[in-house]
Every structure is written in C-alpha cells, then in structure tokens.
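The values are calculated or read from the model by the stated rules, or taken from the named source; none is laboratory data. All values derive from a computational prediction rather than experimental measurement. Please note: Cβ atoms are built from the backbone with ideal geometry, for glycine as well, and neighbour counts cover all protein chains shown.
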Amino acid sequence: MSIGKLIALVVLLGGVLFLVLHLVDKPEGVLEISDVWPENDRPRERRDPIPFTRSQQCRECHPDVWREWYGSHHRLAYVNPEVQRLSKGFQDRDCLPCHLPRPIPETGFGYGIRPLERGAAREDGVDCFTCHHFPKSKVMLAAGPLGPGAANAPCQPAVAKIVQTPNLCAPCHDQHKVHQEWLESRFAVAGDGFKDCNSCHMPEVERKRAAGGPRTGRHHGFPAAHDPAMLRSAGSMTVTVAGQRRLLVVVANDGTGHNFPADERHRAVDLHLIVHTADGRRHDVRVARFRNPYRPDFEYVNPLPKPGDTYPADLTIGELGYAKVIATRIAASFHPVRKVPYPQSTQIPAGEKRSYQITLPEGSVGATLRLWYRSNPFMADKDAVLLHEKVLEKL
Ligand code: HEC
Ligand code: HEC
Ligand code: HEC
Ligand code: HEC
Ligand code: HEC
C-alpha cells in the first residue's frame, strides 16, 4: 500500500470514528449551542468589564421588572422552603444547576444542555444574570430593538434574538419534557395560533424605558401554578345531562401549551363527583386523578395509555350502591399520537380530552362536579384551588 493510500485510509477511519463517537455522544433530539445560536448572532467582546454582581443593582433603572421578578418563583428558586426541604438544604448538589444557576448564555440554549451552578447571591435564585448576561462579551442580551438610551447604558444591552425563544427556558424546563410537549402542541406551529412559553407566561405590559419614554415590556412574574386565574385558564370542565341520572363530563386541556397539570411531579388535578340524596347527604368520590407520579408512586397504573382507550369503573356511593363510569381518552386533533416518556402519567396532553359517561345510582337527586388543583397529591380540599364547579340541584 502506498503512503498516500495509507493516509487516505487513516483519514477515512478517523472520519468514521468521529461520526460514530459524535452520534453516540449526542442523544437523539438534544440541541447544540451552534444549532440554536449561530456564532455570527453572538455579540462581540466589549472593552469595559460589566460592573454588576447582584440583581439588586438593576433595581434603580429597571424598577418594574425588578419588582415583578422579586415576587416571582424564579427569585425564590434557592430559598423556597419546599425546595430546601426536598434537597436537604441543597446537600443534594444535583439540585443546584437550575435552582442557583450561572448564566444560560454561558453554557448554551436549548434542551439537553444543563446550566452550571453558581456559589454567590443565593437568595437571588434564578436571577437577572441567568437570562440576560453573556459573560464572554460582558453584555446583557435582549431581543431588541433597543431604545436610544441603550448605547450609553451601563448594563451594555446587546441584541440576540435567541433570548426571546423557548430555547432560553429549555435548559431548566425540559427536565420533565415540558419543552418537548410544547413542540408537539398546535401552539408550536408558526402562524396565527402560535404561542410560545412567553406568550402565556410573560404577558405584555406597558412600561417606561429606563432612559424615558413608553415601551411594551414583558411581565417578569411568570404566572403559572401559583396563580389561581392562570390555573383556571389551563383546562375546562363541561357537564351535560344525558338522560335520567346520566351525565357526560368532559375535562379538556384547552389552555396550556403542554401537559396539564404541568411538569412538577407533585401536582395533581382531581375530578370529583358529589352525589346528593333526598335527605340532604353528600357522597364525595374521586372519579379521576391527572398526574405524573413521582418515583415513590410508580406502582400507579395508567388506565388510558393511548388516545382512544376506554375503561369501565364502578364508584362506591355510600349505601346507594355504585355509580357506573365509562372513561375515554380523546385524542388531540393536532398531533393525535404523542410521545410517552412516562407510561404512568395520567396528565392530559395539550389539546386532549377525557370524557366520563356517568350513570348515578337510584336515590341520587342531584350532583356536583368539581375539578381541583392540588400542589401535592396529599393536599386537602381546603388548601387546594377549585378550578371549576358545576352544581345540578335536580336530575
Ligand atoms: C443606571 C441605569 C441602569 C442600570 C443600573 C441597569 N440598566 Fe439595563 N438598561 C438601562 C438603559 C438606559 C437601557 C436602554 C433601554 C431603555 O432605555 O429602557 C437598558 C436596557 C437593558 C436591557 C435591554 C432592554 C430592552 O430594551 O430590550 C436589559 C436586558 C437590561 N437593561 C438589563 C439590565 C440588568 C440585568 C441590569 C442589572 C445587572 C441592568 N440592566 C442595570 C439602564 C440601566
Ligand atoms: C436557570 C434555570 C431556569 C431558566 C433558564 C428558566 N427557568 Fe423558569 N423556573 C426555574 C425554576 C428552578 C423554577 C421553580 C422555582 C421554585 O418554585 O422554587 C421556575 C419556575 C417557573 C415557572 C413557574 C412559576 C410559578 O409560580 O408557578 C414558570 C411559568 C417558568 N419558570 C417559566 C419560565 C420561562 C417561560 C422561561 C424562559 C423565558 C424560564 N422559566 C427560564 C428555572 C428556570
Ligand atoms: C397556551 C398557553 C401556554 C403555553 C404556550 C405554555 N404554558 Fe406553561 N402553563 C400554562 C398554564 C395555563 C399553566 C397552569 C396550569 C398547569 O400548571 O398545568 C402552566 C403551567 C406551567 C408551569 C408550572 C408547573 C408547575 O407545576 O409548577 C411551568 C413551569 C410552565 N408552564 C412552563 C412552560 C414552558 C417552559 C413553556 C414553553 C415550552 C410553556 N409553559 C408554554 C400555559 C401555557
Ligand atoms: C427567566 C428568565 C428571565 C429573568 C430571570 C429575567 N429576565 Fe428580563 N427578560 C426575559 C425575557 C425572555 C425578556 C423578553 C425578551 C426581550 O424583549 O428582550 C426579558 C425582557 C427584559 C427587559 C426588556 C422588556 C421589559 O419588560 O422591560 C428588561 C429591561 C429586562 N428583561 C430586565 C431584567 C432584569 C433587570 C431582571 C432581574 C430583575 C430580569 N430581566 C430577569 C427573561 C428574563
Ligand atoms: C434541570 C433543572 C432542574 C433540576 C436539576 C432540579 N430542578 Fe427543581 N425545578 C426546576 C424547574 C424548572 C421547576 C419549576 C416547576 C417545574 O417545571 O416543575 C422546579 C420546581 C421545583 C419545586 C417546586 C417548587 C414550588 O414551590 O412550586 C421543587 C420542590 C423542586 N423543584 C425541587 C428540586 C429538588 C429537590 C431538586 C434536586 C433533587 C431539583 N428540584 C432539581 C428545575 C430543576
């Protein structure tokens, strides 16, 4: 074999090896920073070092944004007692990267990329720097267009469209596949119906520019699971009387861009039936629970694993006997077949419905249907959020 051929062979083998390793290294679907943030869209190095270290320093010139952020769960991410308890005061260091992060632009955007943990300013949790600071160029990234005051602003704002996209949120918010659920929803399709994370979680607000003059800003409170109005907008419950003692109840995820309840694995949404009797008693039974169970509850079996599935059930109604229920999983009209990362999950994917044909036992004179939102599955009704209620005094 000539030297030339040998070199060609080595180069070829090297190439194959590189490809194989590259494919092995990169799990399916994971994005790389160059996929979502092209080199030529990154602002170049500025000369002055950025003089800021704490989010408190942004307050003076961005007071509205600061106040909204201060009241948000992003600010709470490290000090949140729930998180402190579950992470044993962050002895579990795996919890740090998303709850006490260094800037996302430092490590990269998109899902499958984790941020790094930081050591300082703990009480600031997910702070201003997390989403805006690009340390390499010492600038604050914004989607633009920038106002006239930007050129002299000490925070050195620079335009990078990427911060306006869900790729900013994905490094932290795809742990339980929220980003990928959104990609499968009708909201991710470009056009009139397009809605991304910020369309729903960063509503537009009127404010003044730091340098004076009006502008449209984005609310930094990130309303979601701790905002009852937002929770009520997530899904609907319709109740139709279908005959004597027969009801049709439909629960739909028609208001979120991902599974409902979303992401956090302690949440539970419960459909309850309360049967009224002539002597004024009330029998309260749970018809269904929508939830992505956490590790200790993996024994749960999802009775409706695929769209179109159906199952019958008998619910005990005190001494009245049984209510007969036929439950059906109704596919979303957009993207009817969804990925199933958690087979135990009974969450309702975006656009899907669950229907319950209920036949009440004799002796039922009325019924109430309630849809509850519980921050954790053990939460009592008095602490839960009542999303929807329908009272049928007479049947
Ligand atoms: C001394 C005042 C001042 C301080 C302090 C300051 N900024 Fe700014 N910032 C400005 C001005 C002026 C602009 C230009 C746009 C405007 O007029 O609103 C701006 C713009 C921005 C923008 C771009 C907004 C847009 O128009 O899209 C971001 C993001 C930003 N600042 C983040 C920060 C962060 C984060 C901090 C704290 C680390 C901070 N700023 C501290 C004055 C300040
Ligand atoms: C560095 C990680 C990180 C990034 C980036 C991030 N988040 Fe979060 N987000 C969190 C953490 C952690 C929490 C939960 C904090 C807590 O409750 O203790 C959270 C909470 C939330 C909540 C729930 C708030 C509530 O009150 O229920 C929403 C909504 C949200 N984030 C949306 C977004 C959106 C939209 C983006 C992108 C623009 C984004 N986040 C970027 C880490 C992040
Ligand atoms: C069409 C509107 C809509 C879109 C689009 C949307 N969400 Fe939501 N989101 C909601 C509603 C409504 C809730 C409250 C109900 C719930 O928790 O399921 C919610 C809840 C959440 C929560 C709270 C989870 C918890 O249990 O604490 C997080 C986090 C969140 N969304 C992140 C995102 C991210 C990230 C994106 C983009 C990939 C996104 N959302 C897209 C409407 C939307
Ligand atoms: C979870 C991510 C996140 C955090 C935390 C965050 N921002 Fe933002 N910010 C955004 C996104 C997304 C936008 C919208 C993109 C744009 O318009 O540039 C935005 C827009 C802005 C704007 C321009 C629009 C407006 O509403 O005035 C300013 C100024 C700003 N942020 C400053 C701050 C400051 C100061 C902090 C801390 C107090 C902060 N941000 C924290 C994600 C974040
Ligand atoms: C990949 C990023 C990431 C990691 C790692 C992470 N979290 Fe979170 N965490 C989030 C996000 C994002 C939220 C916001 C709600 C949601 O999406 O579930 C959250 C929410 C929470 C909440 C709910 C807070 C509330 O009051 O609503 C708790 C509790 C929590 N995390 C605990 C932990 C613990 C304990 C660990 C470590 C074992 C951990 N997290 C690791 C991203 C992360």
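Data for the structure
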| read-out | value |
| --- | --- |
| Number of positions in the stretch 94-142 that are aliphatic (A, V, I, L, M), under 15 Å from Trp37 (Cα atoms) and within 16 Å of ligand 3 (Cβ to nearest atom) | 2 |
| Residue check for Arg186: closer than 24 Å to Ala151 by Cβ and in contact (Cβ under 8 Å) with a residue 60 or more places away in the chain | no |
| Only listed residue being buried (at least 16 other Cβ atoms within 10 Å of the Cβ), without any contact (Cβ under 8 Å) to a residue 60 or more places away in the chain and over 22 Å from the mean Cα position of the chain (by Cα), chosen from Pro157, Pro214, Pro166 | Pro157 |
| Qualifying positions in the stretch 183-229 - out of contact with any Gly (no Cβ under 9 Å at 6 or more places or on another chain), within 16 Å of Gly255 (Cβ to Cβ) and aliphatic (A, V, I, L, M) | Ala224, Ala225, Ala229 |
| Unique match (being exposed (fewer than 14 other Cβ atoms within 10 Å of the Cβ), more than 23 Å from Pro115 (Cα to Cα), modelled with pLDDT of 95 or more and among the β-branched types (Val, Ile, Thr)) among Val189, Val205 | Val189 |
| Search result, residues across the stretch 238-264 that are farther than 27 Å from Leu183 by Cα, in contact (Cβ under 8 Å) with a residue 40 or more places away in the chain and not β-branched (Val, Ile, Thr) | Ala242, Gln244, Arg245, Arg246, Leu247, Leu248 |
| Residues of the stretch 84-93 classified as modelled with pLDDT of 95 or more and either of a type in the set (Gly, Ala, Ser) or in a helix (DSSP H, G or I) (or both), total | 5 |
| Unmet requirement for Glu68, which otherwise passes all of (1) closer than 28 Å to Asp92 by Cα; (2) under 20 Å from the mean Cα position of the chain (by Cα); (3) surrounded by 13 or more Cβ atoms within 10 Å (Cβ to Cβ) | (1) |
